[in-house]
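The values are calculated or read from the model by the stated rules, or taken from the named source; none is laboratory data. What you see is a predicted model, and the numbers here were worked out from it, not measured in a lab. Ideal geometry is used to build each Cβ from the backbone, glycine not excepted, and the neighbour counts take in all protein chains shown.
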Amino acid sequence: MTKNPCEINYRKVAVIGCGFVGSASAFALMQSGLFSEMVLLDVDHKKAEGEAMDISHGEAYARPMKIYAGTYDDIADASIIIITAGANQKPGETRLDLVQKNVGIFKTIIPEIAKRNYQGILLIVANPVDILTYTALKLSGLPENRVIGSGTVLDTGRFREILGEHLGVDSRSVHAFIIGEHGDSELAVWSTANVAGVPINKFCELRGHFNHQEAMKRIAHDVKNAAYEIIERKKATYYGIAMAVKRICEAIVRDEKSVLPVSNMMHGAYGIEGITLSMPAIVGKNGVELQMPISLDGHEALALKASADLLKKTAADAGVEDLTK
């Protein structure tokens, strides 16, 4: 029987999955000062206990925070539940290769949250994040604005960092997005990319770079393949995504109304319907408030549609369309 909704504790966060990404995200959140209570869950409860103990031992040098391993009952009042649980991406494996395994894992996690009549926000981080966000939306029955994925927030950070290095400018002054799938079909939006309002190609020329097409192709390739390069070298990626998780939580907890390329539901924009993918949206205390109508050139619009079609086919093949609460 569904329980009455718990009153949300806006200073409480939960992390489900204590692998590399979950533990790194928990560590980043402990340092952030955003929350005063954090609950860690894992199928291996002792692992969750160990991570909670280890992270809590740094509290004397941070801000007061109650950190502990718990159960689903312990997270029912969390303002944000972050789900990182899932099979890891192996060398040579794409994010979409993980879909069947991780949809199966979500079938055990999301109903546990839903039956407690959860009133907060689900932040999906496990891969393939766009399809798992759609899976969580289907299984939870929560409003669309409260089920969001980390999407291409990390890819966009990589894009801006690489562009900043190429141009010799602070990456925080670079305004550019990666959109679509968080994966191989993602695309860089070059048509509106700029540095402090100066169009990207013009700024490139100010810095002595004139071979635009070659540079664009190389940079987009480096962004898209960054995770593969890291996984080949150290078997997993976790620090970058942990910072992306922290950034999304900041926007929610502080009600910043920040524009972030999170995974959210599409309803006809750019000819895309009925799938979650990464598009810039205003993110605040209620999750996704508004999807930004960014301008795309013809090539970009076609590439985004192709990315959406790939995600829809993969979701259908995995049976996600047929999932219900």
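Every residue, every condition in (1) small (Gly, Ala, Ser); (2) closer than 16 Å to Thr84 by Cα; (3) out of contact with any His (no Cβ under 7 Å at 6 or more places or on another chain); (4) not in a strand (DSSP E or B), yes or no:
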position	(1), (2), (3), (4)
Pro5	no, no, yes, yes
Ala14	yes, yes, yes, no
Gly22	yes, yes, yes, yes
Ala26	yes, yes, yes, yes
Leu29	no, yes, yes, yes
Met38	no, yes, yes, no
Ala48	yes, yes, yes, yes
Arg63	no, no, yes, yes
Ile67	no, no, yes, no
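On the stretch given as segment 218-239, residues that are closer than 15 Å to Phe159 by Cβ and surrounded by 12 or more Cβ atoms within 10 Å (Cβ to Cβ) total 9. What residue, among those in segment 153-184 that are surrounded by 19 or more Cβ atoms within 10 Å (Cβ to Cβ), closer than 18 Å to His299 by Cα and of a type outside the set (A, V, I, L, M), is farthest from the chain's Cα centre (by Cα)? By that ranking, first place goes to Phe177. For segment 271-302, the set of residues classified as crowded, with 19+ Cβ neighbours inside 10 Å and assigned to a helix (DSSP H, G or I) consists of Glu300 only. Within segment 249-270, count every residue that is assigned to a strand (DSSP E or B) and loosely packed, with under 13 Cβ neighbours inside 10 Å. Total meeting the criteria: 1. Say whether the condition of being in contact (Cβ under 8 Å) with a residue 12 or more places away in the chain, in the same structural domain as Arg247 (by TED's automatic domain parsing) and under 26 Å from Asp130 (Cβ atoms) is met by at least one residue in segment 211-218. Among the residues of segment 211-218, at least one is in contact (Cβ under 8 Å) with a residue 12 or more places away in the chain, in the same structural domain as Arg247 (by TED's automatic domain parsing) and under 26 Å from Asp130 (Cβ atoms), which makes the answer yes.
Every condition in (1) in a helix (DSSP H, G or I); (2) buried (at least 24 other Cβ atoms within 10 Å of the Cβ) is met by Lys138 except one, and the failing one is (2). Answer yes or no: is there a residue in segment 16-33 that is more than 23 Å from the chain's Cα centre (by Cα) and surrounded by 14 or more Cβ atoms within 10 Å (Cβ to Cβ). No, segment 16-33 has no match at all. For segment 255-280, the set of residues classified as without any contact (Cβ under 8 Å) to a residue 24 or more places away in the chain and either more than 17 Å from Glu181 (Cβ to Cβ) or touching a Leu at 6+ places or on another chain (Cβ under 7 Å) (or both) consists of His267, Gly268, listed by residue number. Tell me, yes or no, whether segment 307-325 has at least one residue that is within 28 Å of Asp97 (Cα to Cα), surrounded by 14 or more Cβ atoms within 10 Å (Cβ to Cβ), in contact with a Phe, Trp or Tyr (Cβ under 7 Å, 6 or more places away or on another chain) and not hydrophobic (A, V, I, L, M, F, W, C). No: segment 307-325 contains no residue that is within 28 Å of Asp97 (Cα to Cα), surrounded by 14 or more Cβ atoms within 10 Å (Cβ to Cβ), in contact with a Phe, Trp or Tyr (Cβ under 7 Å, 6 or more places away or on another chain) and not hydrophobic (A, V, I, L, M, F, W, C). Is at least one residue of segment 77-93 in the same structural domain as Gly19 (by TED's automatic domain parsing), under 21 Å from the mean Cα position of the chain (by Cα), hydrophobic (A, V, I, L, M, F, W, C) and assigned to a helix (DSSP H, G or I)? So far as segment 77-93 goes, no, none of its residues is in the same structural domain as Gly19 (by TED's automatic domain parsing), under 21 Å from the mean Cα position of the chain (by Cα), hydrophobic (A, V, I, L, M, F, W, C) and assigned to a helix (DSSP H, G or I). Is segment 45-63 home to any residue that is surrounded by 14 or more Cβ atoms within 10 Å (Cβ to Cβ), closer than 21 Å to Ala126 by Cβ and touching a residue at least 40 places away in the same chain (Cβ under 8 Å)? There is no residue in segment 45-63 that is surrounded by 14 or more Cβ atoms within 10 Å (Cβ to Cβ), closer than 21 Å to Ala126 by Cβ and touching a residue at least 40 places away in the same chain (Cβ under 8 Å). Taking segment 290-316 as the range and being out of contact with any helix residue (DSSP H, G or I) (no Cβ under 7 Å at 6 or more places or on another chain) and touching a residue at least 60 places away in the same chain (Cβ under 8 Å) as the test, the residues that pass are Ile294, Ser295, Asp297, Glu300, Ala303, Ala306, Ser307, Ala308, Leu310. In segment 84-97, the condition of being under 17 Å from Ser150 (Cβ atoms), at pLDDT 95 or above and surrounded by 23 or more Cβ atoms within 10 Å (Cβ to Cβ) is met by at least one residue.
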